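In what follows, a structure is listed as structure tokens, so that the remarks can point back to it.
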Amino acid sequence: MAQLSMHSPVGDLTLHEDAGALVALDWGWVPDQTPTPLLLRARDQLDAYFDGTLEVFDLALRPAGTVFQKTVWAELLKIRYGSTATYGTLAARLGSHPRAIGTACARNPLPIIIPCHRITGVDGALTGYSGEGGIATKAALLRLEGALDIQQELFITTS
């Protein structure tokens, strides 16, 4: 499996490619890297995202997961840059339960690219985030996208 690490505003990230598709994005740095064309394109797109010039990723993705998880992740890809949805809204759309949506988000192997950070609790409450830094990283990503409101900012600074 080819991998490529990069620096980002939310920490070092490592992209993983298998058979021509991205399969994972992890926090951290790996010593052995293979800069394939896809991994270089993914790095460049992530850099553009963090610079605020890219709103939609255009990359071959193949995250491993259950049928339900893949269904949730496909729905996450429909949430536009700068927008959010609640676990409950997504659960109602899929005929599921908010906790099941949360579990699928927690198991998302391609955070940021599959934007699980755009899912909030009731009334926009920032709940967990599986990426390094947890809620602070989720808030940073939402802030970057202009999707963090004053109530969320107040919660972050007082908690």
Unit charges at the beta carbon, dipole of the chain: most positive-side option, Ser8, Leu46, Ser83: Ser83
In the stretch 50-94, which residues have a backbone nitrogen under 18 Å from the label point lying 7 Å from Ala19's Cα in the Cα-to-Cβ direction? 60-67, 70
Can you give me the % of accessible surface on the chain that is carbon or sulfur? Probe 1.4 Å, all protein chains present, nothing else counted. 55 percent
Averaged per residue, what accessible surface does the chain expose to a 1.4 Å probe, in Å²? 49 Å²
Sort 129-142, 30-43 by packing, meaning the average of other beta carbons within 10 Å per residue, with the highest value first. 129-142, 30-43
Note down the nm distance, to one decimal, between modelled labels 7 Å out along Cα→Cβ at Trp29 and at Phe68. 3.9 nm
Taking only C-alpha pairs under 8 Å that are 6+ residues apart, what is the relative contact order of the chain in percent? 19 percent
Taking the chain and counting helices only, DSSP H stretches of n ≥ 4 at -39,500 (n - 2.57) each over all residues, the nearest-500 ellipticity at 222 nm comes to -11500 deg cm²/dmol
Hey, what do the phi angles of the stretch 2-14 turn into as Karplus ³J(HN,Hα) couplings, whole Hz, using 6.51/-1.76/1.60 and θ = phi - 60°, x for Gly and Pro? 7, 8, 8, 9, 8, 8, 8, x, 10, x, 5, 10, 10
Quick note, the chain: a/c under 1.5 would make it rounded; otherwise a/b > b/c is prolate and the rest oblate (a ≥ b ≥ c, C-alpha gyration tensor); here it is oblate
The ratio Rg/Rh over the Cα atoms of the stretch 1-87, Rh being the Kirkwood inverse mean 1/r radius, stands at 0.97
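The values are calculated or read from the model by the stated rules, or taken from the named source; none is laboratory data. No experiment lies behind these values; they were computed from the predicted model shown. Cβ sites come from the backbone with ideal geometry, for glycine too, and all protein chains shown count toward neighbours. Side chains included, ligands, DNA and RNA excluded: accessible areas come from the protein's heavy atoms. Shrake-Rupley method; radii C 1.70, N 1.55, O 1.52, S 1.80 Å.
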